[in-house]
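The values are calculated or read from the model by the stated rules, or taken from the named source; none is laboratory data. All of these numbers come straight from a predicted model, not from anything done at the bench. Methodologically, a virtual Cβ is constructed for each residue, glycine included, from the backbone with ideal geometry; neighbour enumeration extends over all protein chains shown. The protein model used for the area step is the full one, side chains on, heavy atoms only, and it has no ligands, DNA or RNA in it. Shrake-Rupley method; radii C 1.70, N 1.55, O 1.52, S 1.80 Å.
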Amino acid sequence: MEKIKTGIASYGLSGQVFHAPFVHTHPQFELAAIAERSKDLARARYPQARVVRRYDELLAMDDLELIVVNTPDSTHYEYARMALEAGKHVIVEKPFTNTVAEGERLIALAERQGRMLCVYQNRRWDADYLTVKEILEKGLVGQAVEFESTFARYRNCILPGTWKEREGGMTYSLGSHLIDQSVALFGLPEAVFADIAILRRGGVVDDYFILHLLRSSGAPEVRITLKAGYLMCEPEPRFVLHGTEGSYVKYGVDRQEALLKNGVVPDTPDWGVEDETEWGWLHTATDGRHKYPSQRGHYGEFYESVYLHLRRGASLPTDARNVLPVIRIIEAAFESSRRGTVVRLTGI
């Protein structure tokens with residue numbers, strides 16, 4: 001079966017770490033082209049790929065079937081639109097778009113063009129998230145009553161020359177992951193209560209949030225709290241899950257990002273396998289407190305799902321239509337924070 005010839009729109013951190021290694025190592029994909037404005041890092045690492053300097057050069061390549069839009073957040077809508085109009089299938093980095101209206105227009109365009117449009121919600125394949133999912137599916141803590149998900153970061157300064165310090169903000173970046181994971185586990189909430197703030201001196205985009213997703217349909221008794229911040233020097237648990245029969249607490253973060261940043265390729269043995277020292281604690285009324293084995297994480301499963309969709313007609317878990325509610329929840333969270341009130345979600 002013909003390989004999926006893929007072009008990557010940018011070769012910054014996202015291209016180097018989260019996309020090129022997985023496209024390159026997946027046997028059903030061909031890393032055919034990369035857009036890199038000025039440097040030659042891509043040419044040195046992937047000499048078989050064509051390197052271009054402009055995004056429109058990428059779109060002009062007739063043999064490219066798939067474009068990865070992994071450019072700054074503010075460009076996602078326009079670049080995805082251009083790629084769809086050029087007849088390409090499209091993967092968009094999270095956040096999908098800045099507004100629900102933009103997302104709806106892209107979804108409608110993809111349907112008219114008969115092309116795939118999906119969002120790179122890769123943290124659905126984090127080891128810790130998959131472990132929480134398994135514990136819930138097995139009912140190991142009974143009926144879930146409380147769920148907390150936290151990204152604790154520490155950066156007490158504003159990094160110069162970084163676009164993420166000028167646009168987007170933490171709620172759109174890390175919040176997209178936490179909300180997406182929560183919705184995948186518990187279904188859509190009915191309302192949001194949020195506090196979003198800029199805590200670092202000199203900051204211009206939000207660097208802290210705490211969101212309460214209320215009355216989550218499918219699990220109406222679960223209290224859901226999502227939190228992230230750049231001034232959390234002492235880490236908090238990544239996940240806390242309480243239920244009628246016990247609790248699960250997990251510290252630390254999935255190790256795949258660190259491995260990728262250190263140049264480890266994702267087809268190495270034991271990729272995404274956590275050491276026992278990294279496992280979380282499961283404490284139940286019947287079995288007491290003990291380490292619970294983490295599931296194996298693998299971001300490559302995202303690209304496997306794209307392959308199965310494009311070549312085998314399988315359903316796509318991160319189809320843009322399925323991810324659009326994340327943007328609606330973020331919009332509601334900002335409204336809640338501005339007004340200081342609970343905001344009910346409509347049309348979700």
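Worth pointing out:
- Test result for G288, free of Cβ contacts under 8 Å to residues at least 24 places away in the same chain, out of contact with any Ser or Thr (no Cβ under 9 Å at 6 or more places or on another chain) and open to solvent by less than 40 Å² (accessible area, probe 1.4 Å): yes
- Filtered by the rule that a residue be under 19 Å from the mean Cα position of the chain (by Cα) and either surrounded by fewer than 22 Cβ atoms within 10 Å (Cβ to Cβ) or touching a residue at least 60 places away in the same chain (Cβ under 8 Å) (or both), segment 186-207 gives F186, G187, L188, P189.
- Count of residues meeting criterion [hydroxyl-bearing (S, T, Y), open to solvent by 60 Å² or more (accessible area, probe 1.4 Å) and in contact (Cβ under 8 Å) with a residue 60 or more places away in the chain] in segment 296-348: 0
- Members of segment 209-222 that are at pLDDT 95 or above and open to solvent by 10 Å² or more (accessible area, probe 1.4 Å): I210, H212
- Residue count for segment 285-302 satisfying the condition of being aromatic (F, W, Y) and in a loop (DSSP other than H, G, I, E, B): 1.
- Criterion: of a type outside the set (S, T, Y) and over 27 Å from V119 (Cβ atoms) - qualifying residue of E301, E276: E276
- Within the option set S305, S315, being in a helix (DSSP H, G or I), farther than 26 Å from A144 by Cα and small (G, A, S) holds for one residue only, S305.
- Identity of the residue in segment 83-112, buried (at least 24 other Cβ atoms within 10 Å of the Cβ) and small (G, A, S), that ends up farthest from the chain's Cα centre (by Cα): A83
- Check on V68, in contact with a strand residue (DSSP E or B) (Cβ under 7 Å, 6 or more places away or on another chain), within 24 Å of T318 (Cβ to Cβ) and of a type in the set (V, I, T): yes
- Looking only at residues in segment 113-137 that are open to solvent by 20 Å² or more (accessible area, probe 1.4 Å) and within 18 Å of H309 (Cα to Cα), the one that is nearest to the chain's Cα centre (by Cα) is R124.
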